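A quick write-up on the structure given underneath.
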There are 2 protein chains.
Amino acid sequence: MIQEAQYHARDPEFRGQRSGGPMIPTCDLINTGSELVLGRTLNRHGQWLGSLLFSQGAQVRRQLTLPDGAIIAEEIERSLNEADIVLVTGGLGPTSDDLTRDYAAQILGCELVEDEGAFSALAARFAARGREMSAMQRRQALLPQGARALPNPRGTAPGIWCGPEMLGGFRARALCLLPGPPSELHPMTSESLLPLLQAEFGLSAPVSDLKAFHFSGIGEGDLAAKVEEGLPGDTGVELGYCAHSNGCMELRLTGEQASCERAAAWVRKNLSGDCFGEDDGCLEAHLLRDLAARGETVATAESCTGGLLASRITDVPGASSVFGHGFVTYANEAKQKWLGVPGATLEAHGAVSEQTALAMADGARAASGATHAVALTGIAGPDGGTAEKPVGTLWVAVSSSGHPTVARRHLFTTDRATFKQLAATNALDLLRRRLAGQL
Amino acid sequence: MIQEAQYHARDPEFRGQRSGGPMIPTCDLINTGSELVLGRTLNRHGQWLGSLLFSQGAQVRRQLTLPDGAIIAEEIERSLNEADIVLVTGGLGPTSDDLTRDYAAQILGCELVEDEGAFSALAARFAARGREMSAMQRRQALLPQGARALPNPRGTAPGIWCGPEMLGGFRARALCLLPGPPSELHPMTSESLLPLLQAEFGLSAPVSDLKAFHFSGIGEGDLAAKVEEGLPGDTGVELGYCAHSNGCMELRLTGEQASCERAAAWVRKNLSGDCFGEDDGCLEAHLLRDLAARGETVATAESCTGGLLASRITDVPGASSVFGHGFVTYANEAKQKWLGVPGATLEAHGAVSEQTALAMADGARAASGATHAVALTGIAGPDGGTAEKPVGTLWVAVSSSGHPTVARRHLFTTDRATFKQLAATNALDLLRRRLAGQL
């Protein structure tokens, strides 16, 4: 979800080593798949793994993106001769262009043999779906002899770990083949790969401390201005800002532990109104915990976001304890029928108006019986704007038992998908400020 | 060990060449900058240049992302020995870690000399801003002797083109150093680089063709089995599969135009039931066009997807012409109140059941007055599963005027976010099959 990171000038350049510290293992990342070099899919693995490995005390020496084909074998062999750790993603599936395991066996000079555990896991997966496993599918249980299968509960092909005992004659002490889909790669990395790397290379947490604060309802420029005008200059921490694509902001403090603590204390004291949490950057999860603790519930009424707000709320496991009803009232008729927005309001002020937003929020709360309701109406674009209500106009409202209903206007001139994300975040932010007693 | 021949037979890329046809120049892309391997900045150059080069008739052999340091020189030299075209981005600026031009001169065994034109352009740029040019800034006018400066009107450092006359002894016939910032790289590529490549390599229209087909409601393994068992072996096309994170599948055919046409004809004839489109891979957009053409509408009733289906439908501009009402009925009470699901059905069969899915779809259609309604109910996890209804269980149903209401069961054992995406895609797929007369 990280759209773009802009870093402060104080962010030091990476020098490739730490002075006086322990040996830092080097890692080559090889991402395979013709769709990546053809430009049809954006390769995000390099960024994700690069940042993760750095945080674990390893260092990426080179990252390669390769089309399916023999060059994968050539580059794996080179990397085994030049790096300490070689990670390969992709090419473990059942199709004819999935040859990574074959290349690995070739390079290591061993046979591919069926792994019993991997076969059972595959068989169980197919049985659970009531489907037969084809010979092609069964190939996924093949491992270079002596390798270890890494469980893949979220997909079919297991990962493959080849340790130092298999890598005699090479510089590398670990070769690990990982699945390409992020939904399989990410959990396998944290559940299986990192513990193995930690055991093999004695990786430890980096020397410096890192504190992360998460903000909503404030832009990058305003946040940076508050921090850089207010934070005492001698804290000795590095500042990092990151604007997430949903509009939430992250502020990172890096440095010696004591310096980080001092700067964090300043942030906690001075930016608490905009800050919704530390470490956990999920605004939805934060709100759901808050609501659950108060024994309260929320309903949603969405026009321009078309269900995205409800979907983001229900991305959080256990959402059902605080969320039961969501209305996607894209048509005016739906706003009237399900939320009781008066036809006269729609006629006099239009669907995108303060009055309609207020009526939607009140109507959703009444219809659902929830403690709170948030409502959104706006113009996502690219068409439908007018001089008075341009594309990007948003009205967001919150209705709560025992409080006046409040609406806010925003203008987000961006693409349709980003508009929807920013709008949903601002609805969540409005509810957050209500729960915090700011409204 | 698997018989490799079987898997390579239709994969000409594996052999590193195509039989017959004109020579396709290979290109290595090297993107430099420590911020890229640290994961602080997402490298989009590979995708952008890869897709552009392919459209121009060149083929990316490998793409590398490298930290600042000597490995840049090593990899440039390797690439010069192995590829026809070597493109390097980044490291042309004025600071001490900008060493790409020095590495290039070293490898080519020539001096860096100041280019008159580049110096004048730099001087004019600084003069226009009323600023003095420092010695460090002036370094940017240095070029390996014999190289050609590529104008950079949007930045300071010019690009550097080294043609075949400078590359004696190497395989490559072009080495081009380009600026890192996209705002400088993109215009320089189209204004200077592509014309030079076209002149040197006679690139014009793409030599090879690319056809992309998009599928829903079929997994990667099943699709591959259908293609590889059915597609005649002598079509001479390369097959590429890509499983998108929403569960849609992409099949790519690459090769000579006539071969691609033949294979595409086979796909159109034999896989039309699963295929929803060519080139445009957006299932939602495809459905919305179909509905609009028929003058029909759709409503949604979601439990486990919590609004994601409605949100994906409304991601498409103009969705309001076919979508007006969406119900997020996360609580049983909401299923009864808004969709009229009988309490007895919920009690007898549970919320995740064929009967509830059918009642939700019928209820949503009746409440909204839409031509079609799709409904989803399932267990997204990670908790809430039972032996009989494990986490990942999904019931999806479609109700349409003049047709029997149909429900289908699926099991997606994956993480919560992926489950929601796969479920929404399968609901769209069910509607697609209804519109196509398959149900």
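Remarks
- Cβ neighbours within 10 Å from other chains - mean over A:317-327: 6
- Excluding ligands, DNA and RNA, the accessible surface per residue across chain B is 38 Å² with a 1.4 Å probe.
- Among beta bridges from DSSP that stay inside the protein assembly as shown, the antiparallel ones total about 65%.
- In degrees, nearest ten, helix B:45-55 long axis to first principal axis of chain B (Cα): 90
- Computed about the Cα centre, the dipole magnitude for segment B:327-439 is approximately 340 debye when only Lys and Arg (+1) and Asp and Glu (-1) carry charge, each at its Cβ.
- The GluC sites (Glu not before Pro) found in segment B:293-399 that occupy coil by DSSP, while having at most 14 further C-beta atoms within 10 Å, are B:GLU388.
- Expressed as a whole percent, the accessible area of segment A:64-126 that falls on carbon and sulfur atoms is 48 (1.4 Å probe).
- Crossing angle, helix B:416-435 versus chain B [Cα axis fit, 0-90 degrees, rounded to tens]: 70
- At a threshold of 30 Å², the residues of segment A:23-44 that become less accessible to a 1.4 Å probe in the full protein assembly than in their chain on its own are A:GLU35, A:VAL37, A:LEU38, A:GLY39, A:ARG40, A:LEU42.
- Shielding score for B:414-421, defined as the mean number of other chain Cβ atoms within 10 Å: 4
- Dipole in debye (nearest 20) - segment B:72-116, about Cα centre, beta carbon charges: Lys, Arg +1; Asp, Glu -1: 120
- Centre-to-centre separation between the Cα atoms of segment A:154-188 and those of segment B:380-428: 31 Å.
- Evaluating 6.51 cos²θ - 1.76 cosθ + 1.60 at θ = phi - 60° for every residue in segment A:128-144, the Karplus couplings come out as 4, 8, x, 10, 8, 8, 7, 4, 5, 5, 5, 3, 5, 8, 7, 10, x Hz, glycine and proline recorded as x.
- The alpha-carbon positions of segment B:102-259 define a convex hull whose volume is 184 Å³ per residue.
- Whole-Hz ³J(HN,Hα) from phi, Karplus 6.51 cos²θ - 1.76 cosθ + 1.60, for segment B:299-309, glycine and proline x: 10, 10, 9, 10, 10, 5, 7, x, x, 5, 4
- Beta-bridge orientation, chain A: approximately 60 percent antiparallel, per DSSP, counting only bridges with both partners inside.
- Cβ-based net charge around B:HIS286, under 15 Å, with every Lys or Arg adding one and every Asp or Glu removing one: -4
- With all protein chains in place and a 1.4 Å probe, the accessible surface of segment A:256-385 carries 48 percent carbon and sulfur.
- Filtered GluC sites (Glu not before Pro), segment A:48-120: DSSP coil and at most 15 other beta carbons within 10 Å: A:GLU111
- Spherically averaged projected area of the convex hull of Cα atoms, segment B:91-177: 5.5 nm².
- Accessible area buried, both sides summed, chains B and A with 1.4 Å probe, Å²: 7300
- Projected area averaged over orientations for the protein assembly as shown, convex hull of C-alpha atoms, nm²: 38.4
- Comparing B:ALA370, A:LEU193, A:LEU346 along the charge dipole axis of the protein assembly as shown, the residue lying farthest to the positive side is A:LEU346, per the Cβ-charge model.
- Average projected area [Cα convex hull, segment A:346-439], square nanometres: 6.2
- A:THR393 long-range amide H proximity, modeled H, under 5 Å: A:ILE379, A:PHE412
- When +1 charges are put on Lys and Arg Cβ atoms and -1 charges on Asp and Glu Cβ atoms, the dipole computed for chain B relative to its Cα centre reaches about 1060 debye.
- Viscosity 1.306 mPa s, temperature 10 °C, Stokes-Einstein D of segment A:62-118 from Kirkwood C-alpha radius, µm²/s: 129
- Over chain A, dividing the summed -39,500 (n - 2.57) contributions of all DSSP H runs of at least 4 residues by the number of residues returns a 222 nm mean residue ellipticity of -11000 deg cm²/dmol.
- Positive-pole candidate from A:VAL60, A:ILE313, A:SER245, dipole of chain A, charges at beta carbon: A:ILE313
- 3J(HN,Hα) along segment A:168-180: x, x, 9, 5, 5, 10, 7, 10, 10, 9, 10, x, x Hz, from the Karplus curve 6.51 cos²θ - 1.76 cosθ + 1.60 with θ = phi - 60°, whole Hz, x for Gly and Pro.
- Long-range HN-HN contacts of B:ALA174 with modeled amide H, under 5 Å: B:VAL86
- Number of partner chain Cβ atoms within 10 Å, mean per residue of B:231-243: 3
- Once the convex hull of all Cα atoms in chain B is built, its volume per residue stands at 204 Å³.
- Taking amide H as placed 1.01 Å from N in the peptide plane, the amide H of A:ASN31 sits under 5 Å from that of A:LEU64, A:THR65, A:LEU66, A:THR89, each at least 5 places away or on another chain.
- Between copies, the label points of A:ARG268, set 7 Å from Cα on the Cα→Cβ line, lie 6.6 nm apart, reported in increasing order to one decimal in nanometres.
- Taking the C-alpha atoms only, the angle from helix B:283-294 to the longest principal axis of chain B is near 60 degrees.
- Inter-copy label distances for A:GLY236: 7.0 nm (label point placed 7 Å from Cα along Cα→Cβ; shortest first).
- Think of chain B as having a plus end and a minus end, set by charges on the Cβ of Lys, Arg, Asp and Glu; of B:TYR103, B:GLY93, B:PRO390, B:PRO390 sits farthest toward the positive end of this dipole.
The values are calculated or read from the model by the stated rules, or taken from the named source; none is laboratory data. Predicted model, so just to flag it, every value in this text is computed and none were measured. Positions of Cβ are generated from backbone atoms using ideal geometry, with glycine treated the same way; all protein chains shown enter the neighbour counts. Each accessible area value is taken on the protein alone, full model and side chains, heavy atoms only, with ligands, DNA and RNA left out. Shrake-Rupley method; radii C 1.70, N 1.55, O 1.52, S 1.80 Å.
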